[in-house]
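Bear in mind that the values in this text are calculations on the coordinates, not laboratory data. Computed from a predicted structure; not experimentally measured. Counting neighbours? That spans all protein chains shown, and the Cβs are built from the backbone with ideal geometry, glycine included.
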Amino acid sequence: MSGVCYQHGLLQCSNGHRVYYELSGNPNGVPVLVIHGGPGAGLGSRYTEFFDLSAYHVIGFEQRGCGRSQPYLSLTHNTTQDLLADITRLRNYLGISRWLLFGGSWGTTLALLAAISEPETVSGLILRGIFLARQEDFEWFLAPNGGAAQIYPDAYQRFIGEIENPTNFATVLAHYSELFSKPDEHRRHQAAIRWYQWEEAIARVHSPGVQVQPESVPPLMLSLAVLEWHYIKNRCFISENEILQQAHRLAGIPGKIIHGRCDTVCKPQGAHVLHQYWPDSELLLIDGAGHSNAESAIAMALRAATHQFLLKR
């Protein structure tokens with residue numbers, strides 16, 4: 001849990017899932033829900049650093065199947081709709097009528113869908129690294145002709161090294177589907193390592209990389225790989241272009257869109273087109289920055305955005 005957490009617990013949700021949540025900051029402050037990425041990435045320990053904890057009531061939760069939520073790595077009843085229902089359940093449990101949604105990467109997808117579904121419960125959106133879950137977004141991340149593969153061909157070669165004929169997105173996804181669906185734990189772990197190393201290689205402009213042995217795969221690495229595969233395989237359980245088609249429901253909700261111009265995990269074009277569909281948003285494309293909120297320029301922009309939200313209230 002974060003070092004400043006004052007309360008945490010497991011919220012009983014549908015179909016046997018229990019979702020971990022924690023509360024930090026000022027209980028009487030501006031409520032903000034932090035929606036982590038992945039899927040499967042978990043909260044991490046640094047997310048409260050983006051907020052003035054004397055002014056914000058920060059709510060963090062870990063999505064189904066990952067982190068401290070139970071059951072770990074469960075794909076049963078683990079869909080976008082289930083996660084959205086969990087968000088509503090958590091808000092009602094905490095007695096919050098409206099809150100700011102703060103999400104990054106896949107967290108922007110969930111935040112946007114939550115705001116579209118229940119706009120009256122959202123006071124604002126601060127989003128980093130927009131992922132609209134379109135076919136072009138999946139291909140940008142995973143396909144041989146995608147943006148990430150073109151910019152990081154060496155790392156991509158390691159990612160697809162076992163695939164006999166990786167001609168397109170479908171063949172790459174099918175290969176990982178075979179590995180993640182089989183009971184061979186060693187091969188499953190090897191696949192999770194390659195998937196995680198691929199994402200780590202492209203997440204920052206200057207990536208330190210990561211090394212790990214199949215016998216000691218950390219839970220975060222496994223949940224990130226398996227849950228990302230599960231959601232991408234199912235097109236994130238939404239229709240093509242669903243977010244943009246429903247973006248009119250965001251009218252009146254203020255938003256800040258922050259996206260690194262050198263982001264190779266999520267297309268910068270997605271941030272630009274979302275801004276065009278959402279007049280109440282502000283767009284900040286950061287030159288020289290990639291995807292990760294650990295990059296200094298991204299982190300500074302996020303802290304500035306939370307400060308500005310307080311000033312505009």
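If packing is taken as the average number of other Cβ atoms within 10 Å across a peptide's residues, how do 135-145, 281-291 rank, most packed first?
Ranking the peptides 135-145, 281-291 by packing returns 135-145, 281-291.
List the lysines whose alpha-carbon lies under 27 Å from that of K182, not counting same-chain residues fewer than 8 positions away?
K233
What Kirkwood hydrodynamic radius do you get for the stretch 136-236 when you take the inverse of the mean 1/r over all pairs of distinct Cα atoms, in Å?
Result for the stretch 136-236 stands at 13.7 Å.
Where does the chain land at 222 nm, in deg cm²/dmol rounded to the nearest 500, when only DSSP H runs of n ≥ 4 count, each adding -39500 (n - 2.57), divided by all residues?
Per the formula, -12000 deg cm²/dmol.
Based on other C-beta atoms within 10 Å, arrange F237, F159, F102 from fewest to most.
Numbers: F237 17, F159 23, F102 30.
Fewest-to-most Cβ neighbours within 10 Å comes out as F237, F159, F102.
In terms of Cα to Cα distance under 20 Å, which lysines are near enough to K312, apart from those fewer than 8 places away along the same chain?
Counting by Cα, and skipping residues close in sequence, K312 has these lysines nearby: K256.
Hey, could you pull the Cα Rg and Dmax for the chain, both in Å?
Radius of gyration, then largest Cα-Cα span, for the chain: 18.5, 57 Å.
Let me see the pair-distance distribution of the stretch 86-203: every alpha carbon pair, 5 Å bin width, integer percents in order.
For the stretch 86-203, the pair-distance distribution reads 2, 10, 17, 17, 14, 11, 11, 10, 7, 2, 0.
Mind jotting down the distance between the C-alpha centroids of the stretch 1-42 and the stretch 100-150, whole Å?
20
Specify which residue in the list I35, H259, H175 is farthest towards the positive end of the charge dipole of the chain, using unit charges on the beta carbon of Lys, Arg (+1) and Asp, Glu (-1), about the Cα centre.
It is I35, whose Cα lies furthest towards the positive end.
As an exercise, find the ratio Rg/Rh for the stretch 197-313 from alpha-carbon atoms, using the Kirkwood inverse-distance average for Rh. Mind dumping the intermediate values first?
Details: Rg = 16.8 Å, Rh = 16.5 Å.
Rg/Rh for the stretch 197-313 comes to 1.02.
Highest first, please rank the peptides 67-79, 263-275 by the mean number of other Cβ atoms sitting within 10 Å of their residues.
263-275, 67-79
Going toward the positive end of the dipole of the stretch 136-236, with +1 on Lys and Arg Cβ and -1 on Asp and Glu Cβ, which of I202, N145, N165 do you reach last?
Selected residue: I202.
Determine the gain in length on full extension of the stretch L53-D184; use 0.36 nm per residue of separation and subtract their C-alpha separation, reporting nm with one decimal.
Extending this stretch completely gives an extra 42.6 nm.
At a 10 angstrom cut-off on C-beta neighbours, averaged per residue, how do the peptides 11-19, 114-122 rank from highest to lowest?
Numbers: 11-19: 15.3, 114-122: 18.0.
Highest mean packing first, the order is 114-122, 11-19.
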